[in-house]
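Read through the structure below, which is laid out as structure tokens, and then see the notes.
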Amino acid sequence: MTDTTELDKIVAVSNTGPLVSAFQCGRIDLLKRYFSLVYITTSEVQELDGHGWLDEITQLIREGFVVVAELTDSEKKQSETVAKRIERSHKNTRSDWRDDLAEAEAIILMQNRPDLNVALILLDEKAARQVAGEMGLKMTGFPGILGRAGLDGILTKDDIRHLLKTCQQQGTYYGDKLIETLVENYGR
């Protein structure tokens, strides 16, 4: 098993989905293992509140692990453009671009703020991942974090399967094929 020191940790911007998954399966510790700091936007705090995770995100903000970044008016306009682009994506199942605004804001935050030293963005939604990829952003999602933990010897195949199935049972869509591919490729 590899030990991740403070120097190995990176800064990330996260969308709501990966945080919700970490809360659902009780593994926020994995985010803390690999990231020194996670930025989110105000709209993501609202989304987390809507999903019932306000107390948990407030605690992470108090700890200084999560920082809420305010977007400028210009960044908000850019986010609207990106949200509309996500909405047009063939992988998107939502019908209103406003439903993609939190993902778009996370993308814009990473793209526009080099001073934050963000190394990657955490996104789970397929359409947002497609657009972020087209924009050249480095990304992973909660399943990717579990995969990394598997490679590091922290999680077994059964652990990965159990954690993703727990999220699945609580309403997060992770397909069975994705789960089994992760288990086989990254679990030990």
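Applying the set (1) at pLDDT 95 or above; (2) surrounded by fewer than 16 Cβ atoms within 10 Å (Cβ to Cβ); (3) of a type outside the set (A, V, I, L, M); (4) closer than 29 Å to LEU182 by Cα to PHE142 leaves exactly one unmet item: (2).
Would it be correct to say that VAL82 is more than 19 Å from ILE10 (Cα to Cα) and either over 15 Å from the mean Cα position of the chain (by Cα) or not in a helix (DSSP H, G or I) (or both)?
Spelling it out, VAL82 is indeed more than 19 Å from ILE10 (Cα to Cα) and either over 15 Å from the mean Cα position of the chain (by Cα) or not in a helix (DSSP H, G or I) (or both).
The criterion of at least 2 residues that are under 28 Å from ILE107 (Cβ atoms) and under 12 Å from the mean Cα position of the chain (by Cα) is met by the following helices (runs of 4 or more DSSP H) wholly inside the range 120-188: 126-134, 142-151. For the structure I just gave you, tell me whether THR41 is modelled with pLDDT of 95 or more, among the hydroxyl-bearing types (Ser, Thr, Tyr) and out of contact with any His (no Cβ under 6 Å at 6 or more places or on another chain). Spelling it out, THR41 is indeed modelled with pLDDT of 95 or more, among the hydroxyl-bearing types (Ser, Thr, Tyr) and out of contact with any His (no Cβ under 6 Å at 6 or more places or on another chain). Criterion applied to ARG33, ARG88 was being among the charged types (D, E, K, R) and touching a residue at least 12 places away in the same chain (Cβ under 8 Å), and the one residue passing it is ARG33.
Residues of the range 173-188 that are open to solvent by less than 70 Å² (accessible area, probe 1.4 Å), in contact with a Gly (Cβ under 7 Å, 6 or more places away or on another chain) and of a type outside the set (A, V, I, L, M): GLY187 alone. Scanning for something buried (at least 20 other Cβ atoms within 10 Å of the Cβ) and not in a helix (DSSP H, G or I), does the range 101-117 turn up at least one residue? No, the range 101-117 has no match at all. Restricting attention to the range 62-82 and to residues that are polar (S, T, N, Q) and loosely packed, with under 15 Cβ neighbours inside 10 Å, the residue that is farthest from SER21 (Cα to Cα) turns out to be SER74.
For GLN59, the conditions (1) open to solvent by 70 Å² or more (accessible area, probe 1.4 Å); (2) in contact (Cβ under 8 Å) with a residue 12 or more places away in the chain all hold with the exception of (2).
Go through the residues of the range 37-44 one by one and say whether even a single one is assigned to a helix (DSSP H, G or I), in contact with a helix residue (DSSP H, G or I) (Cβ under 7 Å, 6 or more places away or on another chain) and either open to solvent by less than 50 Å² (accessible area, probe 1.4 Å) or of a type in the set (Asp, Glu) (or both).
Checking the range 37-44: at least one residue is assigned to a helix (DSSP H, G or I), in contact with a helix residue (DSSP H, G or I) (Cβ under 7 Å, 6 or more places away or on another chain) and either open to solvent by less than 50 Å² (accessible area, probe 1.4 Å) or of a type in the set (Asp, Glu) (or both).
Evaluate the range 59-66: report whether one residue or more is within 17 Å of the chain's Cα centre (by Cα) and part of a helix (DSSP H, G or I). Yes, the conditions are met somewhere in the range 59-66.
The values are calculated or read from the model by the stated rules, or taken from the named source; none is laboratory data. Fair warning: this is a prediction, and the values are worked out from it, not measured in the lab. Positions of Cβ are generated from backbone atoms using ideal geometry, with glycine treated the same way; all protein chains shown enter the neighbour counts. The area values use the complete protein model at the heavy-atom level, side chains included, leaving out ligands, DNA and RNA. Shrake-Rupley method; radii C 1.70, N 1.55, O 1.52, S 1.80 Å.
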